[in-house]
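Peer 1: Here's a structure for you.
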Amino acid sequence: MSIRRNLLWVDGGGALLVGLLVVSLSGWLSEFYGLPRNILLFTGVVNLLYSSYSLTLAMKIRRPRNLITILVVANLSWVPICFVLAGLFWKDATVFGVGHLIGEGVYVACLACVEWYCREDLVR
């Protein structure tokens, strides 16, 4: 099995881990990040929903190209949301809060590019 085929396991597993941590630690993170708890819960739940989609694709032997495209579009759609949230809260949030949002946006953008580049391997 190609290493590239495991990309969806890394993608989905990472989103699952981040989602679980952000949701379960949202109270503490809210204070540490200087972000409203409801924003952290929103981002955590989005990560959990995304992980369920990515991990479902990872389990498939054959993955339709359109489902990989949806995954890439979902990642790319999340990027501006992260940046907008960072822009909205940059005055009140700590450097860690803004860094988390910007870092997630950059990570997801890079992930989308890699998944698009590897799309032919991901459908097999």
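Peer 1: Kindly establish whether L101 is free of Cβ contacts under 8 Å to residues at least 12 places away in the same chain, under 18 Å from R37 (Cβ atoms) and in a helix (DSSP H, G or I).
Peer 2: Details: free of Cβ contacts under 8 Å to residues at least 12 places away in the same chain: no; under 18 Å from R37 (Cβ atoms): yes; in a helix (DSSP H, G or I): yes.
Criteria not met by L101.
Peer 1: Moving on. For Y117, all conditions in the list (1) closer than 25 Å to L35 by Cα; (2) among the hydroxyl-bearing types (S, T, Y); (3) at pLDDT below 95 hold save one; what is the number of the exception?
Peer 2: Against the list (1) closer than 25 Å to L35 by Cα; (2) among the hydroxyl-bearing types (S, T, Y); (3) at pLDDT below 95, Y117 comes up short only on (1).
Peer 1: Right, here's the next one. Residues in the stretch 8-46 that are in contact with a helix residue (DSSP H, G or I) (Cβ under 7 Å, 6 or more places away or on another chain), more than 21 Å from A74 (Cα to Cα) and surrounded by fewer than 20 Cβ atoms within 10 Å (Cβ to Cβ): how many?
Peer 2: 6
Peer 1: Going through V72, V106 one at a time, which residue ends up being in contact with an Asp or Glu (Cβ under 9 Å, 6 or more places away or on another chain), at pLDDT 95 or above and among the β-branched types (V, I, T)?
Peer 2: V72
Peer 1: Here are S52, S77: which of them is of a type in the set (G, A, S) and either under 14 Å from L8 (Cα atoms) or over 13 Å from the mean Cα position of the chain (by Cα) (or both)?
Peer 2: S52
The values are calculated or read from the model by the stated rules, or taken from the named source; none is laboratory data. These figures come from a predicted structure and were not determined experimentally. Note that we place each Cβ from the backbone using ideal geometry, even for glycine, and neighbour counts take in every protein chain shown.
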